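Structure first, then comments.
Where a number appears in this text, it was derived from the coordinates with a stated rule and is not lab data. The model shown is predicted, which means the values in this text are computed figures rather than measured ones. Virtual Cβ from ideal backbone geometry, glycine too; neighbours counted across all protein chains shown.
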Amino acid sequence: MPPIIEFRDVEKRFGTNVVLKDLNFHVNKGERVTLIGPSGSGKTTILRLVMTLEEATGGMILIDGQPLTHEIVDGKRKRLPKKKIKETRTRIGMVFQQFNLFPNMTVMENIIESPVHVLGQSKDEATARARDLLHQVGLSDKDDAHPSSLSGGQQQRVAIARALAMDPEILLLDEVTSALDPEIVDEVLGVLRRIAETTDITMLIVTHEMQFARDVSDRVLMFDGGSIVEDAPPSTMFTAPTHQRTQQFLRAVLGEGQIGTH
Ligand code: ADP
Ligand code: MG
């Protein structure tokens, strides 16, 4: 079985700023992989590339063995037709730091929008599934609410339900608790832990919540300057990281004395 996500010599430039260079890594089906690393190391860019919100400027990304936006034919890089790119994108969901709910729609309308308009589900079918998802994220009574009347933690749980309503094979989570007050971080992480436990959705996660990363990840990738410095299971990464750069980063994030480096 091919990996569900594969980066093959991926380059991403913004103008002259080379953010990712010759990046190679893969994620297997059902794996939960967390990206850690300092701000500006390219973590969000990687998620946005998978979500096709950005396009690589070199190399290729494959989903389930199929090119995502570009294929390489006779050594030449060729962009895929828009329709093909869109098809693959429906298999991928993303939750952002800033919720990104549609402010003029109710919670229910937010959740059923894509299932109805992109997947062609009937409104009844999409609504029934949305109710089930709202129950799962603990917001059964909020279907008629508008996002502005909800707390940050509630809005983020709606955003998670909205992503799940598309039945994604891959879920991308970009610092989904970073904009939340500390006391409501756990309610969102709890929902994500349950999804991790009860589904086989492949997850690519960017988070500063190291305990969460430790608990849900199969693998942790440490990034610096757009390259992978270290690729290890959480048990190794958080207790005995090999690379000095990882040790420094974790010491800064977790505080002195939290990792054994000997
Ligand atoms: P991280 O998520 O690890 O903090 P990012 O992927 O957001 O890092 O950013 C990596 C680098 O790419 C940074 O130098 C950032 O300034 C640059 N970058 C990201 N998005 C854009 C953009 N849309 N235009 C120009 N530069 C960008
Ligand atoms: Mg980021």
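Take SER235 and LEU119, extend 7 Å from each Cα along the Cα→Cβ direction, and tell me the distance between the two endpoints in nm.
3.6
What's the magnitude of the charge dipole for the chain around its Cα centre, counting Lys and Arg as +1 and Asp and Glu as -1 at the beta-carbon? Answer in Debye, nearest 20.
920
Taking the radius of gyration and the Kirkwood hydrodynamic radius from Cα positions alone, what is the Rg/Rh ratio for region 1-101, to two decimal places?
Rg divided by Rh gives 0.95.
Please work out how much length the chain gains when fully extended from GLN248 to VAL18, using 0.36 nm per residue of separation minus the C-alpha to C-alpha distance, in nm with one decimal.
Using 0.36 nm per residue and subtracting the Cα-Cα distance, I get 80.4 nm.
Got the relative contact order for region 123-262 handy, in percent, Cα pairs under 8 Å and 6 or more residues apart?
Relative contact order for region 123-262 comes out at 16 percent.
So in the chain, what percent of DSSP beta bridges are antiparallel if you round to the nearest 5?
So the antiparallel bridges in the chain amount to around 60 percent.
If I stretch the segment between HIS208 and SER178 completely, what's the gain in nm (0.36 nm per residue apart, minus their alpha carbon distance), one decimal?
Length difference between fully extended and current span is 10.0 nm.
I'd like the distance between the alpha-carbon centres of region 13-81 and region 97-143, rounded to an integer number of Å.
29
Could you pull the Rg and Dmax for the chain, using just the Cα atoms, both in Å?
18.8, 58
Evaluate the distance, in nm, between pseudo-label points positioned 7 Å from the Cα of ASP74 and of THR90 along their respective Cα→Cβ axes.
The two pseudo-label positions are separated by 3.3 nm.
Can you tell me which of 82-88, 243-249 comes out highest on packing, and rank the rest after it, using the mean Cβ neighbours within 10 Å?
243-249, 82-88
What is the ratio of the Cα radius of gyration of region 65-182 to 2.2 N^0.38 Å, where N is its residue count, to two decimals?
Scaled against compact globular proteins, the figure is 1.22.
Which of the listed residues, SER149, LEU173, LEU139, is farthest toward the dipole's positive end in region 63-221, when Lys, Arg count +1 and Asp, Glu count -1 at the beta-carbon?
Selected residue: LEU173.
With +1 on the Cβ of every Lys and Arg and -1 on the Cβ of every Asp and Glu, and nothing else charged, how large is the dipole of region 98-179 about its Cα centre, in debye rounded to the nearest 20?
Dipole of region 98-179, to the nearest 20 debye: 120 debye.
I want the local charge near ALA126. Using Cβ-Cβ distances under 13 Å, sum +1 for each Lys or Arg and -1 for each Asp or Glu among the other residues.
Spelling it out: positives minus negatives among the neighbours equals -3.
If we sort 5-12, 71-78 on the protection proxy, mean other Cβ atoms within 10 Å, highest first, what's the order?
Descending mean neighbour count gives 5-12, 71-78.
Quick one: net charge around SER140, please, counting Lys, Arg +1 and Asp, Glu -1 for every other residue with C-beta under 12 Å from its C-beta.
Charge balance near SER140 sits at -1.
For region 167-262, what are Rg and Dmax over the alpha carbons, in angstrom?
That works out to 14.0, 43 Å for Rg and Dmax.
Mean separation of Cα pairs under 8 Å and 6+ residues apart, divided by the residue count of the chain: what relative contact order is that in percent?
Contact order relative to length: 23 percent.
In nm, what is the difference between 0.36 nm times the number of residues separating ASP132 and THR199 and their Cα-Cα distance?
Full extension of this stretch gives 22.6 nm more.
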